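Scroll down for the structure; my scribbles are underneath it.
The values are calculated or read from the model by the stated rules, or taken from the named source; none is laboratory data. What you are looking at is a predicted structure, and each value in this text was computed from that prediction instead of being measured. Here Cβ is always computed from backbone atoms with ideal geometry, including for glycine, and neighbour counts include all displayed protein chains.
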Number of protein chains: 2
Amino acid sequence: MAENFVESITNMEDDFAQWYTDIVKKAELVDYTGIKGCMVIRPAGYAIWENIQKELDRRFKETGVENCYLPMFIPESLLNKEKDHVEGFAPEVAWVTQGGGETLQERMCVRPTSETLFCDFYSHIVHSYRDLPKVYNQWCSVVRWEKTTRPFLRSMEFLWQEGHTIHATAEEAQARTEQMLNVYADFCEEFLAIPMVRGRKTDKEKFAGAEATYTIEALMHDGKALQSGTSHNFGDGFARAFGIQYTDKENKLVYAHQTSWGMTTRMIGAIIMVHGDNSGLVLPPRVAPTQAMIIPIQQKKEGVLDAAYALRDRLAKTIRVKVDDTDKTPGFKFAEQEMRGIPVRIEIGPKDLANNQAVLVRRDTREKLFVSLDEIETKLAELLDTIQSDMLERARAHRDAHTYEATTMDEMKDIADNKPGFIKAMWCGDRACEDAIKEQAGVTSRCMPFKQEHLSDTCVCCGKPAKTLVYWGKAY
Amino acid sequence: MAENFVESITNMEDDFAQWYTDIVKKAELVDYTGIKGCMVIRPAGYAIWENIQKELDRRFKETGVENCYLPMFIPESLLNKEKDHVEGFAPEVAWVTQGGGETLQERMCVRPTSETLFCDFYSHIVHSYRDLPKVYNQWCSVVRWEKTTRPFLRSMEFLWQEGHTIHATAEEAQARTEQMLNVYADFCEEFLAIPMVRGRKTDKEKFAGAEATYTIEALMHDGKALQSGTSHNFGDGFARAFGIQYTDKENKLVYAHQTSWGMTTRMIGAIIMVHGDNSGLVLPPRVAPTQAMIIPIQQKKEGVLDAAYALRDRLAKTIRVKVDDTDKTPGFKFAEQEMRGIPVRIEIGPKDLANNQAVLVRRDTREKLFVSLDEIETKLAELLDTIQSDMLERARAHRDAHTYEATTMDEMKDIADNKPGFIKAMWCGDRACEDAIKEQAGVTSRCMPFKQEHLSDTCVCCGKPAKTLVYWGKAY
C-alpha cells in the first residue's frame, strides 16, 4: 500500500546521488532557490539541526565554552594578515563592494571562517595571563564560493559553529584541540549513531594557517568518506601575525596560542547517507524531531482518535510524539512517516483498543511489537534506546566491512577501483607519495588515526620505511 | 571601596549617551571592530541574547511556529519584485558583486529582511488550501547600511528573528499579526520587566510593503521611545507580486495572505536603558545569565570557600549561580557584579557561617537580607520573583510619570521641549498633520494604541475632528 509514494525514490543501489537528492526533497528537508548553491532548510531539516545544536552546545558548555557573535564581514586588509590563511580562502570568498548606495573604499568579504576576526578581537581583550584562556564559540552561517554544490554536503552558504580559543601555553592549546575533537566524535557516536575514525590530517590536507588539524571521518553507505568535524591547533602563528601578546607571570611579553574547531549542517547529510534506506530517511531516535508518530487505524470509528490523543498526551511527558490525524489513508501515512525517518510508528485501532494494546513498528528494521497500553511508556523508551544502539552497531559493522588493507600499490588501486570504502595503508610521510597515491588510485588521505596499527614496514607507494598508518578513501 | 571601578562610568544625568556607551563597554557586552557599525557581542552580552532567544522561541512554538533557514543573499531581481518594499530597502543594502574570483552577472544583496525570499519559497510549496497555513520563523542576522550606529540600538548588522506566515484568509492573517504582537508584548513585560504600549503604526511609519504594521513601544530612562517589536499584515500584496496562489476548497485559484514579525538584539539596549543605573547594568532575574553571585568574605579563612562551593551546588539545582573565587577584594567584586547587573549577590564569611546565615543583597535596591542557610533556596527564589515584579512596576511607574497629554500644539511643543517622555494627543489621521507635528515639535508618531482614550474632540494640530489617539515621542 502507498507504494506510489515509495516508488518515487530512486534506489540507492541504482544511483546513490539521485537517491540522496530524492530523500532531501521528498522528506522536505530542503528547497532549492534561485541562488546557485544556496538552499532553504525547511522545518523538517532545520528541526534536526536544532537538536544537533542543542546537544552540541550543551556538551560545549560542559567544557567551559562561552558563546559570542562576531560580524559577518571581514575587511580585505584583515583577511590578508595571515599568509597561509588568505591563500587558502581568498579564492573562494564573496565580496561586498557596495553599500548604502556607494562604492566601498575597502571591499569586505562575507566570512568564510572567522579566525581573522577572532584574532582582531582577542588582540583587544587579551593583555595579561589573567585574561587567559578565552574559550569562545559562535553559531552562524559562512559563505564559500563552491563550484559544485549539493544540499548539506557542500553549499555556498552553510550553517555551523566555529569555536576559537586562546591560551597561555602550547600544551593548553594542544589539550583543547584534542578535547574538542573528542567532543565531536563522542557526540556523533552517541547522538547521531555514526561511528568515527579519529585522527590527524596530513600537512597537505590541514587547514590553511594551522600547525596541525585533527579530524573525525565517517563512512557513508556508498563507501565514500565524509570529513565530519575538524579541530585545529594554530600554535602561535596567528598570534604573531596579529600581534596577540600577553604579559606572563614573570612579567614578560609573550605570544598566545590558539585553536579553532567546527561542525556544520553537513552532519544532516551524514545522517541521510549512513542511515537512510530505499524508503527514505531513517533518523536515530536521539536526534529525531519526532520520535514516534501515532497513526490511528479506522480513525472514524468512535473512540479511536480520542484514544490516540490520550496516548499522545501520556507519551509526550517523556518523548517527542505526534498524532497523524489527517484524512489520508493509513497506508499513505505509513509511507510518509517512513520517508521522514520517524523512528517508531504507533498503530492504534479498534481491535488494539479492545485488546488494550498498541502496535509499535520500528522504522529501521520494520519489526512489529504488540505492547500493552499499561506499560507502553517503558516499552517505548526501551525500544528507542535499542534502535539508537542498533543503528550505531549497524553503521559500525558496515564501516568495518568496508575497511580494507593494502600493502602494495596494486592492491591499493584494485581496492580503490572495486571496493568502495576506507583503505588502510602505511605511508612514509612524504608529500610526493601522497600525491602519487591520489594520482594513481584516486584516493586522498583521510587521516592518520590515533589508533595506529602496524600493517607493514614500508610505505605502500615508495617502499621506503613507513612512518604511520593512514586511512585513505574517496571523499565528499 | 572599589569606587574607582564605579567612578569610571559617566552619570546618566550628565550624559545619557555616554553612560550607555560606558555600560556597554564596562559590562563587557560589546567590543568595537574595525568595521563601522559592526560589533562583537561578547559572552556577557550574547548570554542575554541566548536567554531571550530560548524564551521567545518557546513562546513561538507554543503557538505552532516552526523554524527554518533561508539564504542570506537576495538576487537583485527578486528584491525588485514588490515595489514599495524595494523602495524602502534598496537604499540601505550591502551588495555582493564578486564571488569566487569573478564578477557576478547579477549582484545580490545581503538580506536586510527576508520577505522576498520567503515569498519565493512559499510560491514553490503552497499549491492547495491543504498546504496552508505555514507559520515559519528564522533566527539570523541581517544587514542595513546605517549612517549613524550605536551598539544594540542601531547597527549595520544585527541579530533577530523574523517570522513569515502565509494563510488562506485575510482574517487568519490579521489574527496571526495581532497574536504575535501580543506574544512580544507579554514576553517583554513578563521576562524583561519592560512595560509596553501596544498599538498600530500610522501609514507613514509602517513597514515597506505592509498593509498594516503593529508595534510595541517602550519608554527609556531618558524619556525617549524605543520601538521594540513589530508585526506586519501584508494582505495579499506580496502574494500578488510573487504570484502565490492556491486552490481553495471550491477549486478556485486565489491569492494567499501573509504576515511577518520581528524582534532584535536591540532589546538588550532596552534592558540597559530601562533598568540600568549609575553603577551599571541591572538585569531582570528571568533574563540574567547569572542570577546570583556568591562572594566569599575572608575567603582564605578555613571553611569559607568550601561553604561557598557547597552553597553554589545546592542553589544550582534551581537557579543560575556562580562563585566569584578570584583573588580580588570583596569590594572590587561587589562593584564588578554591580556593573554586570547580577540581580543578587550572596555574601558568606566566617561570621555568617557561625550564625548559619548568608547575606543577600539586591542589585536593584541594594537592600540587604540576612537569611538562614536552612531556608535560603526558598528565600532566594522569592527574592528573585520580587525583584522581577518590582523592576516591572518601577519601569511602569517611570513610564506613566513621563507620559503627558497635549490638546494644543503649544502644549505639545512645550512638553516636547521640556519633558522627555510619551505625549498622548488626538490626531485627525492626515499625513500633513503628522508631518507638521514632527516639523514643529520634533516628535514622531509612535503608535495608535489599542487602548484608546478620548482626550479631546479635535486634532492637536489642525483642529479638525480627531479620529484617534496617538502616542508621540522622540525615538531611538
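So here's what we get for this one:
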read-out: Residue ranges of helices (runs of 4 or more DSSP H) in the range B:340-432 with at least 3 members in contact (Cβ under 8 Å) with a residue 12 or more places away in the chain, outside the structural domain of B:D324 (by TED's automatic domain parsing) and farther than 30 Å from B:P465 by Cα; value: B:376-401
read-out: Identity of the residue in the range A:13-70, assigned to a loop (DSSP other than H, G, I, E, B) and among the acidic types (D, E), that ends up nearest to A:G341 (Cα to Cα); value: A:E28
read-out: Those residues of the range B:19-67 which are of a type in the set (K, R), farther than 18 Å from B:G276 by Cα and without any contact (Cβ under 8 Å) to a residue 40 or more places away in the chain, in sequence order; value: B:R42, B:K54, B:R58, B:K61
read-out: Residue match in the range A:226-234 (condition: assigned by TED's automatic domain parsing to the domain that holds A:I48, closer than 26 Å to A:K26 by Cβ and touching a helix residue (DSSP H, G or I) at 6+ places or on another chain (Cβ under 8 Å)); value: yes
read-out: Single match in A:T259, A:T247 (criterion: assigned by TED's automatic domain parsing to the domain that holds A:T213, surrounded by 16 or more Cβ atoms within 10 Å (Cβ to Cβ) and among the β-branched types (V, I, T)); value: A:T259
read-out: Residue match in the range B:128-135 (condition: under 15 Å from the mean Cα position of the chain (by Cα) and either acidic (D, E) or modelled with pLDDT of 95 or more (or both)); value: no
read-out: Selection count where residues are over 22 Å from B:G100 (Cα atoms) and either within 7 Å of chain B (Cβ to nearest Cβ) or at pLDDT below 95 (or both), scope the range A:26-46; value: 5
read-out: Checking A:K147 against (1) away from every other protein chain (no Cβ under 14 Å); (2) under 28 Å from A:V40 (Cα atoms), the condition it does not meet; value: (1)
read-out: Residue match in the range A:61-68 (condition: within 25 Å of A:K147 (Cβ to Cβ) and among the hydrophobic types (A, V, I, L, M, F, W, C)); value: no
read-out: Test for B:K467: is it farther than 30 Å from B:F191 by Cα and modelled with pLDDT of 95 or more; value: yes
read-out: Any hit, the range B:438-445, residues being free of Cβ contacts under 8 Å to residues at least 24 places away in the same chain and part of a helix (DSSP H, G or I); value: yes
read-out: Only listed residue being away from chain B (no Cβ under 11 Å), among the aliphatic types (A, V, I, L, M) and either free of Cβ contacts under 8 Å to residues at least 60 places away in the same chain or out of contact with any Asp or Glu (no Cβ under 7 Å at 6 or more places or on another chain) (or both), chosen from A:L70, A:L117, A:L104, A:L79; value: A:L79
read-out: The range B:133-144 residues that are over 19 Å from A:W160 (Cα atoms), paired with ones that are surrounded by fewer than 20 Cβ atoms within 10 Å (Cβ to Cβ) and among the hydroxyl-bearing types (S, T, Y) (beta carbon under 7 Å, 6 or more apart); value: none
read-out: Among the candidates A:L281, A:L305, residue that is modelled with pLDDT of 95 or more, assigned by TED's automatic domain parsing to the domain that holds A:A354 and either over 30 Å from A:G442 (Cα atoms) or among the hydrophobic types (A, V, I, L, M, F, W, C) (or both); value: A:L305
read-out: Any hit, the range B:54-75, residues being closer than 30 Å to B:K25 by Cβ and surrounded by fewer than 16 Cβ atoms within 10 Å (Cβ to Cβ); value: yes
read-out: Filter pass, B:V470 being without any contact (Cβ under 8 Å) to a residue 40 or more places away in the chain and in contact with a Lys or Arg (Cβ under 8 Å, 6 or more places away or on another chain); value: no
